[in-house]
Amino acid sequence: MRLGGLPCAFASRRSAASGANKFVLLLAACVVVAAADTSCPDGDTSCMCEAEEHVFNSPSLSCSGSCPCTPWVGLDGSKIVSNPEGTVYNNSDSCTWTISGVNAQVTFGDFATEEGSDYVYVDECVDAECTSLGASLAVLHGRQAPGQLYQSSTSHLRVRFFSDGSGRSDGFTATVSGGPSGCTPCNTLSYKADANASKCTACPPNAVSAEGLSSCECPAGYTGDAEVGEACVGCEEGTFKPSDGPGECRLCPGNLKSVEGASSCICEVGRHPPHAAHSTLQWCDPYTAQLSI
């Protein structure tokens with residue numbers, strides 16, 4: 001892990017109560033206690049996430065605009081405010097706070113803005129840079145009861161405050177948290193096979209991976225060796241592959257047909273499957289003919 005361009009040193013220690021491996025960063029600027037799913041043998045000085053399925057998560061707060069704010073990395077909670085205590089916020093304020101972490105959330109305390117004019121927006125983001133938004137969680141203005149909590153399902157949460165050019169009020173305080181530091185599963189369509197890797201890797205084209213796996217595979221209807229980074233290629237017309245994983249495409253039996261990328265074969269237009277007495281579909285009969293038995 002690196003913070004501010006400098007590597008953070010690690011030291012390992014074992015929890016006597018639970019036997020779980022934990023670690024702390026030695027630099028005072030990044031004091032973190034990891035979750036219990038890290039790989040940290042006794043005597044090891046470079047703890048890391050398990051190779052099979054995890055990527056390290058360190059909660060963070062970034063901010064911009066005219067409101068007071070101190071960014072942080074590796075902490076688990078702090079307060080954000082629209083203005084210093086005992087004052088009112090400014091006209092034409094524009095402030096943004098972005099919280100990242102496995103449990104990114106914000107809980108509002110005292111809240112008072114100009115009704116219908118000065119707004120606070122709480123949104124989910126798809127990444128720490130908020131390059132695109134997820135769900136809108138709240139639009140707040142006027143007086144709000146303290147204790148309203150909003151948590152992101154995407155691990156990234158953005159709070160924005162805008163005031164207009166006239167009228168001011170006491171503003172708001174809120175507690176933000178990114179949750180504990182530690183290892184979280186790679187999301188779908190990505191994988192991490194090496195514990196030394198710092199992040200998850202996207203699966204090859206057309207390959208798939210369930211959450212928290214160490215490799216990708218070709219889905220039904222596609223062939224290739226995704227585990228070594230090969231792209232998955234759709235089965236040609238007249239062939240099929242019925243299940244996910246390794247394997248070649250197979251010719252459709254009898255006079256059955258298939259389209260490109262098929263996981264099964266079907267009867268062509270004008271023909272129907274044989275009688276149900278057949279245990280497997282291998283032949284299609286014309287609609288004008290008697291059903292096979």
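The values are calculated or read from the model by the stated rules, or taken from the named source; none is laboratory data. Everything numeric in this text was worked out from a predicted model, so none of it was measured. Here Cβ is always computed from backbone atoms with ideal geometry, including for glycine, and neighbour counts include all displayed protein chains.
Here are G109, G101, G171: which of them is surrounded by fewer than 20 Cβ atoms within 10 Å (Cβ to Cβ) and not β-branched (V, I, T)?
Unique residue meeting the criteria: G109.
Look at L140 and say whether it is touching a Phe, Trp or Tyr at 6+ places or on another chain (Cβ under 7 Å), over 19 Å from S177 (Cα atoms), surrounded by 13 or more Cβ atoms within 10 Å (Cβ to Cβ) and hydrophobic (A, V, I, L, M, F, W, C).
Considered against the rule, which asks whether it is touching a Phe, Trp or Tyr at 6+ places or on another chain (Cβ under 7 Å), over 19 Å from S177 (Cα atoms), surrounded by 13 or more Cβ atoms within 10 Å (Cβ to Cβ) and hydrophobic (A, V, I, L, M, F, W, C), L140 comes out as yes.
Scan segment 207-243 for residues that are in a loop (DSSP other than H, G, I, E, B) and under 20 Å from I266 (Cβ atoms) and report the count.
So the answer is 10.
I'd like the residue in segment 128-160 that is in contact (Cβ under 8 Å) with a residue 60 or more places away in the chain and more than 14 Å from the chain's Cα centre (by Cα) and, out of all such residues, is farthest from G77 (Cα to Cα).
R160
Take the residues in segment 160-184 that are of a type in the set (S, T, Y) and touching a Phe, Trp or Tyr at 6+ places or on another chain (Cβ under 9 Å); name whichever of them is nearest to S214 (Cα to Cα).
If we take residues in segment 160-184 being of a type in the set (S, T, Y) and touching a Phe, Trp or Tyr at 6+ places or on another chain (Cβ under 9 Å), then T184 is nearest to S214 (Cα to Cα).
Report, by residue number, each residue of segment 185-199 that is surrounded by fewer than 22 Cβ atoms within 10 Å (Cβ to Cβ) and in contact with a Ser or Thr (Cβ under 8 Å, 6 or more places away or on another chain).
T188, L189, S190, A193, A195
Taking the condition modelled with pLDDT of 95 or more and in contact with a His (Cβ under 8 Å, 6 or more places away or on another chain), does T96 pass?
The answer is no for T96.
Of the residues P180, P204, which single one is outside any strand (DSSP E or B) and closer than 23 Å to E124 by Cβ?
On inspection, the qualifying residue turns out to be P180.
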